[in-house]
Each structure stands twice: as C-alpha cells, then as structure tokens.
Amino acid sequence: MSAGEGQTVAISLKSVLFTGRLESLERGLSAELFIDWPALRDNQSPIQLYIAGQVASSAGDRVLVRTRFQDFRVGRGHCAYARS
C-alpha cells in the first residue's frame with residue numbers, strides 16, 4: 001500500500017489527474033482518493049470527495065485514476081493511496 005498527499009490537476013466524472021510525492025504506481029492498482037472540497041457543510045463541517053478507481057497511468061509525479069465510484073463525505077478521511 002502506498003500513501004501520500006498530492007494536488008489535483010484535473011477532475012472529471014471519469015478520471016482524476018493529480019501530482020504528489022508518491023512512489024510510481026503501477027497501472028491497474030485499485031486506488032482510493034480523498035479530496036478536500038473547498039466548501040463547508042452548514043458553514044462548519046469539512047467536505048471531502050471520495051473516489052474509488054484504478055490507476056490508469058503514472059509518470060513521474062503525475063497519476064491518472066479512472067473513477068469507478070465517487071461520493072461526497074462529511075469530515076476528514078485519509079490521504080490518497082493505492083493498493084493491489
């Protein structure tokens with residue numbers, strides 16, 4: 001399992017491209033991302049976008065994850081990570 005923090009470069013319904021200080025992630029690995037959302041629920045509680053998917057490509061500090069599932073969650077989760 002790899003874990004780390006990164007910065008979102010681009011996001012769509014089908015994929016997320018992000019940069020970060022991660023080891024090179026192999027294509028096909030399952031990935032879970034927790035992205036801090038810029039809005040608060042009821043002006044108090046932090047919101048995160050949770051994304052489950054697969055690493056589609058990884059080069060240098062950039063990783064592309066194809067989305068299989070996404071959901072908004074209240075509170076803080078974990079950093080981005082991938083597992084085999």
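Model label sites at residue 74 and residue 9, defined 7 Å from Cα along the beta-carbon direction, differ in position by 3.5 nm.
A crude spin-label estimate for the pair residue 52 and residue 19, with each label 7 Å from Cα along the Cβ direction, gives 3.0 nm. Relative protection proxy for 4-15, 49-60, from highest mean packing down: 49-60, 4-15 (other beta-carbon atoms within 10 angstrom). Each residue in 65, 16 was given a count of other beta-carbon atoms within 10 angstrom of its own, and listing them fewest first yields 16, 65. Shown for 18, 69, 34: other C-beta atoms within 10 Å of each C-beta, ranked fewest to most, produce the order 69, 34, 18.
Where a number appears in this text, it was derived from the coordinates with a stated rule and is not lab data. This is a predicted model, so every value here is computed, not measured. For neighbour counting, all protein chains shown are included, and Cβ atoms are generated from backbone atoms with ideal geometry for every residue, glycine included.
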